[in-house]
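Structure first, then comments.
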Amino acid sequence: MSFFESMKNRYTTKVYDKSKQLDPKKVEELKNILHMSPSSINSQPWQFVFVQDQELKNKLAEASYFNDEKVRNCDTLVVFRRVNNIEAFEKDIQERLPERTNTYYQQFLKPLPDDQIKSWFDKQVYLSIGVLLGACAEMGIDSTPMEGIEVDKYDQALGNDEFATLVAVAIGERHEDDFNQLDRVPKVRKEFDKVVKSM
Ligand SMILES: Cc1cc2nc3c(=O)[nH]c(=O)nc-3n(C[C@H](O)[C@H](O)[C@H](O)COP(=O)(O)O)c2cc1C
């Protein structure tokens, strides 16, 4: 199947089958794929937390509004977190990045207010969500990106205040009764020509 076909076939899963587990090798592969995510100046201002522990999933489910059941019943919940402490980030890139890219940061990003620097971190993290969703599509794994979560409660449950939660993705296998499957809710996108321009 082409990558395009895989992307057409993926959909936001709304109901998971708790009795079906993902192949642990596939979950490990997803971890490695996320580790390879690209980011501006190779900044990697992120941490990806793979939650399989049922007790922790239940706790996070309680902080997931209408996404409660997805978090509870998925195989694995991947929590996307971004670096919280700008000073620690700057120390990290100073040690890790070549001078050229460090200069880019010093010139274009460091002068910005903290909230804009953090917003730049967020963009990098969001890119990695796309990587995960694409990989899941290609590997035939069902997934649900979720902004509908209480990030502060996630942070309390996960600990480690070096990182702040932004968004989570549930992965697993759909329940046969999932109402959002493509034969029940066909994929809808804006018209191709309105979205993609060729010049
Ligand atoms: C960043 C992001 C956050 C989303 N948050 C939620 C969410 O909290 N709960 C949910 O059921 N779907 C959520 N969605 C799914 C979108 O509604 C869905 O991707 C969109 O309607 C397109 O449908 P499709 O993914 O089935 O093609 C989110 C999607 C993205 C990309």
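Results, tabulated for the structure shown:
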item: For region 168-199 and region 10-61, distance of Cα centres in Å; result: 19 Å
item: Heavy-atom accessible area ranking, 1.4 Å probe, most first, across 182, 109; result: 182, 109
item: Rounded FRET efficiency, nearest 0.05, which uses the C-beta distance separating residue 115 from residue 188 and R0 of 35 Å; result: 0.55
item: Cα-centre dipole for the chain with unit charges at Cβ (Lys and Arg positive, Asp and Glu negative), debye to 20; result: 640 debye
item: Built amide H within the under 5 Å cut-off of residue 174, gap 5+; result: 17, 142
item: Choice from 104, 154, 16 with maximal GNM fluctuation in the chain (Cα, 10 Å cutoff); result: 104
item: Reduced Cα scattering model of region 86-162, Debye log10 I(q)/I(0), q = 0.15, 0.24, 0.25 Å⁻¹; result: -0.78, -1.15, -1.18
item: Surface/4 of the Cα convex hull for the chain, nm²; result: 13.8 nm²
item: Zone residues, region 1-21, relative to residue 36, backbone N less than 17 Å from point 7 Å out along Cα-to-Cβ; result: 3-4
item: Solvent-accessible area per residue for the chain (1.4 angstrom probe, square angstrom); result: 59 Å²
item: Solvent-accessible surface ranking, highest first, for 105, 126 at 1.4 angstrom; result: 126, 105
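The values are calculated or read from the model by the stated rules, or taken from the named source; none is laboratory data. From a predicted model like this one, the values you see are computed outputs, not experimental measurements. When we count neighbours, we look across all protein chains shown, and the Cβ atoms used for this are built from the backbone with ideal geometry, even at glycine. Please note that ligands, DNA and RNA were not included when accessible areas were found on the heavy atoms of the full protein model with its side chains. Shrake-Rupley method; radii C 1.70, N 1.55, O 1.52, S 1.80 Å.
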